[in-house]
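What follows is a single structure, written as structure tokens, with notes after it.
Please treat every number below as a calculation from the coordinates, not as lab data. Since the structure is predicted, the reported quantities are computational estimates derived from the model, not experimental observations. Here the Cβ positions follow ideal geometry from the backbone for every residue, glycine too, while neighbour counts run over all protein chains shown.
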Amino acid sequence: MGDFYNTAQGNIVAFSHHPGFYLVTVFALILVTLLALEWIWRLVWCFFEEPRPLKHPSTILRVVHVLLLVSIIMRVGPGAVQLMTWKDASVADQHLLAAVNNISDALSILPFSIAWLIVVVSWPMLAYQLDKAPPPFHLWPTPSALKRPLKIGLGVFAIAAALTFLQ
């Protein structure tokens, strides 16, 4: 890790000579963050658009998914910001971003643990409901359902390429 992170200067040095590595890393981090944020938005919207009782299987699954996605964003989001700004940030800002990233990494266990606990406690009821009334539709995505995530992926790739080659 010493070659990839220079703690004395507080900046990531591996990317200065490997633009392809930087491009792929920034692309992956931004894409995961944006897709998780979009998914959270859709789940939170469902709470208002199709409200269900607290102990309803849909509510439980929505809460679990939101918590898992928040955990993912806490792990990936600050790292994406840190990598997007590492060339232009001052040493003090780099140290601050690294500290926020580390704290966020440590705290991401909280929503993940709560989601795990909810699943463990509610799994018998969820399994019973699925056995009793399985979903009446095909669960694999259709090509039209994949268009939006692919557009987001292409847009994020363009942003990552711009960050890599236009700075």
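Here are some notes:
- Two-site FRET efficiency, Ala106 against Ala133, from Cβ-Cβ distance with R₀ of 35 Å, rounded to 0.05: 0.30
- Between helix 91-107 and the chain there is an angle of about 20 degrees, using the helix long axis and the longest principal axis of the Cα atoms.
- Cα gyration tensor category, rounded, prolate or oblate, for the chain with a/c compared to 1.5: prolate
- Against the chain, whose longest principal axis comes from its Cα atoms, helix 57-85 is set at around 10 degrees.
- Restricting the range 72-166 to chymotrypsin sites (Phe, Trp or Tyr not before Pro) that sit in a DSSP loop and have at most 13 other Cβ atoms within 10 Å of their own Cβ leaves Phe137.
- Taken as Cα centroids, the range 112-167 and the range 85-100 sit 31 Å apart, rounded to the nearest whole angstrom.
- When you filter the trypsin sites (Lys or Arg not before Pro) in the range 132-167 for DSSP loop state and at most 12 other Cβ atoms inside 10 Å of their Cβ, nothing is left.
- Put in order of Cβ neighbour count within 10 Å, fewest first, the listed residues Val66, Val120 become Val120, Val66.
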